[in-house]
Amino acid sequence: MNLTNYHSHCLFCDGRADMEAFIRFAISQGFTSYGVSSHAPLPFNTPWTMEWDQIDNYFAEFAHVKEKYIDKIEFYVGLEIDYLNEDSNPASACFQELPLDYRIGSVHLLYNDKQEVVDIDVSPTVFRDIVDTHYQGDLDRVIRMYYERQHRMMELGGFDILGHADKMHYNAACYRPGLLDEPWYDALMNDYFAAIAKHGYIVEINTKAFDVYKTFFPNERYFPLIKELGIPVMVNSDAHYPERINNSRYEALQALQKAGITTVIERHQGKWQSVDITL
């Protein structure tokens, strides 16, 4: 049942177990291919990203675990790299020079008017406070800033997989119910997915929040558009706990099939491959 996952976080960032615990659980569940993708370092300290002085240890632990289970599962090493600014993003030389199998490009951070970094990957309640406090309640502005940063990240490149493509949609729709049906927002999203198709990125169907919020990232309403544009997709759980690596995979594959999408991208023998969805 397409048992692969390339978005997971271990103890090197904000994950809750070491690499080996994730791999052992993946093997026990019948996974054929797996990737670890800790949050890449930022130019400042955070409680959720790796530090630069841990990079060598990250690769060393990966090599050890990969060798230990080489006859049981394909194991790959990646990083989830934030677009922060022109100097810190997936295309930056410091990330391109690392011996990674793949890179995930994501946007979690915005700037406010004081040029302070603001983390918007938060709960709906905290998001509401952020919009009201840092952006004077101007939700439209926050949304446009988020997607402008997504577009710029795509223009700069340097990554394979677009992480949780529209993650803001849930918090933004909680702030203003009905947002997703507003014509300007719909046009924004059509332009956004057209840009993804133009650049040729893989879009992950991120299942992390489905059991809680009953939504994928991107939202299921865009799956027909993804099919129409020919955007390649994969299903990732963005797991921070080993026991969550398979969360809502079946539901995501079902939703993709319902939209007429028949294949997902998996990594085998060191290459991205299109594989039929089997349920």
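Laboratory data are not the source of any read-out in this text; all were calculated from the coordinates shown. This is a predicted model, so every value here is computed, not measured. Methodologically, a virtual Cβ is constructed for each residue, glycine included, from the backbone with ideal geometry; neighbour enumeration extends over all protein chains shown.
How would you classify region 205-279 from its alpha-carbon gyration tensor, with a ≥ b ≥ c the square roots of the eigenvalues: rounded for a/c under 1.5, else prolate if a/b is greater than b/c, otherwise oblate? Display every interim value, and only then the final one.
Values: a/c = 1.90, a/b = 1.12, b/c = 1.70.
Oblate, because a/c is 1.5 or more while a/b does not exceed b/c.
Could you let me know the centre-to-centre spacing of region 242-256 and region 16-47, using Cα atoms, in angstrom?
Value for the Cα centre distance between the two parts: 17 Å.
Tell me which aspartates and glutamates have Cα within less than 20 Å of K68's Cα, excluding those fewer than 8 residues away on the same chain?
Correct list for K68: D18, E20, D56, D101.
Please compute the modelled spin-label separation between Q257 and C94, points set 7 Å along Cα→Cβ, answer in nm with one decimal.
4.5
Using the Karplus equation 6.51 cos²θ - 1.76 cosθ + 1.60 (θ = phi - 60°), what ³J(HN,Hα) coupling, rounded to whole Hz, does each residue of region 28-33 give in order, writing x for Gly and Pro?
Once rounded to whole Hz, the list reads 5, 8, x, 5, 9, 8.
Give or take rounding to whole Å, what are the principal axis extents of the alpha carbon atoms in region 6-110, in descending order?
Per principal axis, max minus min of the Cα coordinates gives 41, 25, 22 Å.
Apply the Karplus parameterisation 6.51 cos²θ - 1.76 cosθ + 1.60, with θ equal to phi minus 60°, to every residue of region 193-208 and state each ³J(HN,Hα) to the nearest whole Hz, in sequence, with x for glycine and proline.
For region 193-208, the Karplus curve yields 5, 5, 5, 4, 4, 4, 7, x, 7, 7, 9, 7, 8, 8, 9, 3 Hz.
Translational diffusion coefficient, Stokes-Einstein: compute it for region 157-276 using the Kirkwood radius over C-alpha pairs as Rh, at 37 °C and 0.692 mPa s, and state it as an integer in µm² s⁻¹.
Numbers: Rh = 14.9 Å.
Using the Kirkwood radius from Cα pairs, D works out to 220 µm²/s.
Below 21 Å, Cα to Cα, which lysines can K167 reach? Residues fewer than 8 away in the same chain don't count.
Within the straight-line limit of under 21 Å, K167 reaches these lysines: K198, K208, K214, K227.
Residue by residue, what Karplus-based ³J(HN,Hα) values in Hz, rounded to whole numbers, does region 159-176 have, using 6.51, -1.76 and 1.60 with θ = phi - 60° and x for Gly and Pro?
Running phi through 6.51 cos²θ - 1.76 cosθ + 1.60 with θ = phi - 60° gives 9, 9, 10, 8, x, 5, 3, 10, 4, 5, 4, 5, 4, 5, 6, 5, 5, 9 Hz.
Using +1 on the beta carbon of Lys and Arg, -1 on that of Asp and Glu, and nothing else charged, what's the dipole of the chain about the Cα centre, debye to 20? Write down the numbers at each step before the final one.
On the way: 24 positive and 41 negative charges, 155 e Å.
Here the chain has a charge dipole of around 740 debye.
Amide H neighbours of S38 under 5 Å, at least 5 residues apart or on other chains, H built in the peptide plane: list them.
Answer set, sorted by chain and number: C10, G78, E80.
Roughly what % of DSSP beta bridges within the chain run antiparallel, to the nearest 5? Provide the component values of the computation, followed by the final result.
Working: 11 of 34 bridges.
Close to 30 percent.
With the calculation restricted to Cα positions, what are the radius of gyration and Dmax of the chain in angstrom?
For the chain, the Cα radius of gyration and maximum Cα-Cα distance read 18.0, 56 Å.
Only helical DSSP H runs with n ≥ 4 go in: add -39500 (n - 2.57) per run for the chain, normalise by residue count and round the 222 nm mean residue ellipticity to 500 deg cm²/dmol.
Numbers: 10 runs with 103 residues, N = 279.
The per-residue figure over the chain is -11000 deg cm²/dmol.
Cα centroids of region 52-90 and region 172-231: how far apart, whole angstrom?
Measuring centre to centre over Cα atoms gives 28 Å.
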